[in-house]
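Engineer: A single structure is presented below for examination.
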Amino acid sequence: MADTMMGVLVDYLARSLVDEPDSVTVSENSDGDRITVRLDVAEDDWGKVIGRGGRIASAMRSLVKVAAVKEGVRANLEIGD
């Protein structure tokens, strides 16, 4: 489960986008002031999370970076593999 604002935000957004919200998993890995948020969804929902041309994924990454600035850390969003 997500511990930081970034993880909670990614979890909320992903569950809102996919057909199988119960399959959404968000994990966080911390290394000093760097946090990596990892998002995994059901195989059929990859396209919904990534979006046409990667627009949704890019927007989610931007929101994660904004939330990270608010918490005073650096963050990165990894989607899938």
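Readers should treat all values here as calculations from the given coordinates under stated rules, not as data from a laboratory. No experiment lies behind these values; they were computed from the predicted model shown. Using ideal geometry, Cβ is built from the backbone for each residue, glycine included, and neighbour counts are taken over all protein chains shown.
Engineer: Yes or no: the stretch 58-74 includes at least one residue that is aliphatic (A, V, I, L, M) and in a strand (DSSP E or B).
Structural biologist: Checked the stretch 58-74: no residue is aliphatic (A, V, I, L, M) and in a strand (DSSP E or B).
Engineer: Let me ask something additional. Go through the stretch 52-74 and give me each residue that's within 22 Å of SER23 (Cα to Cα), under 13 Å from the mean Cα position of the chain (by Cα) and among the charged types (D, E, K, R).
Structural biologist: ARG61
Engineer: Just the residues that are under 27 Å from VAL73 (Cβ atoms) and among the small types (Gly, Ala, Ser), please, taken from the stretch 12-30.
Structural biologist: Those that are under 27 Å from VAL73 (Cβ atoms) and among the small types (Gly, Ala, Ser): ALA14, SER16, SER27, SER30.
Engineer: Could you check the stretch 13-30 and list, in sequence order, the residues that are part of a helix (DSSP H, G or I), surrounded by 13 or more Cβ atoms within 10 Å (Cβ to Cβ) and not polar (S, T, N, Q)?
Structural biologist: The answer is LEU13, ALA14, ARG15, LEU17, PRO21.
Engineer: Let me ask something additional. Look through the stretch 31-51, keep the residues that are closer than 28 Å to VAL73 by Cα and exposed (fewer than 13 other Cβ atoms within 10 Å of the Cβ), and return whichever of them is nearest to the chain's Cα centre (by Cα).
Structural biologist: Ranking the candidates gives ARG34 first.
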